[in-house]
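Trainee: One structure follows; several queries about it will come next.
The values are calculated or read from the model by the stated rules, or taken from the named source; none is laboratory data. Treat the numbers as computed from the prediction; the structure is a model and nothing was measured. Cβ placement follows ideal geometry from the backbone for every residue including glycine, while neighbour counts extend to all protein chains displayed. The accessibility values were calculated without ligands, DNA or RNA, using every heavy atom of the protein model including side chains. Shrake-Rupley method; radii C 1.70, N 1.55, O 1.52, S 1.80 Å.
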Amino acid sequence: MKNIAALLLLTLFLTSYIVDAAIADSSDCDEKCGVRCAQASLKDRCLKYCGICCAECKCVPSGTYGNKDECPCYRDKTNSKGKPKCP
């Protein structure tokens with residue numbers, strides 16, 4: 001009986017951890033986009049589009065450039081001209 005209770009508690013803990021990690025709120029987006037756009041020459045534009053992409057995709061790739069394979073939704077978003085939307 002103790003093993004079942006411990007297993008249930010562990011499952012509950014891991015589930016809540018995974019859900020929290022997958023959902024980005026606006027403060028997470030602000031922080032992650034601040035890192036992503038830190039070296040951008042057009043920082044305001046970078047922050048705007050990164051914020052839009054983060055809100056829709058719930059993730060931002062690490063670093064200031066590249067690494068878009070970490071977030072396929074972010075990587076695959078395009079503008080009306082077919083060019084990448086997310087910085």
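Trainee: What net charge do the residues around TYR74 carry, taking every other residue with its C-beta under 12 Å from that of TYR74, with Lys and Arg at +1 and Asp and Glu at -1?
Mentor: It works out to a net charge of +3.
Trainee: How much accessible area does SER41 have with a 1.4 Å probe, in Å² rounded to the nearest 10?
Mentor: It works out to around 120 Å².
Trainee: Taking the Cβ of PRO61 as the centre, find all other residues whose Cβ is under 10 Å away and add up their charges (Lys, Arg: +1; Asp, Glu: -1). Working shown, then result.
Mentor: On the way: positive: LYS32, ARG36, LYS68, ARG75; negative: ASP69, GLU70.
Once positives and negatives cancel, what remains is +2.
Trainee: Read phi for every residue in region 66-73 and hand back ³J(HN,Hα) as whole Hz from Karplus 6.51 cos²θ - 1.76 cosθ + 1.60, θ = phi - 60°, with x for Gly and Pro.
Mentor: Calculated HN-Hα couplings, in order: x, 6, 5, 5, 5, 9, x, 4 Hz.
Trainee: Any idea how far apart SER27 and GLN39 come out in nm if each label point goes 7 Å out from Cα toward Cβ?
Mentor: 2.9
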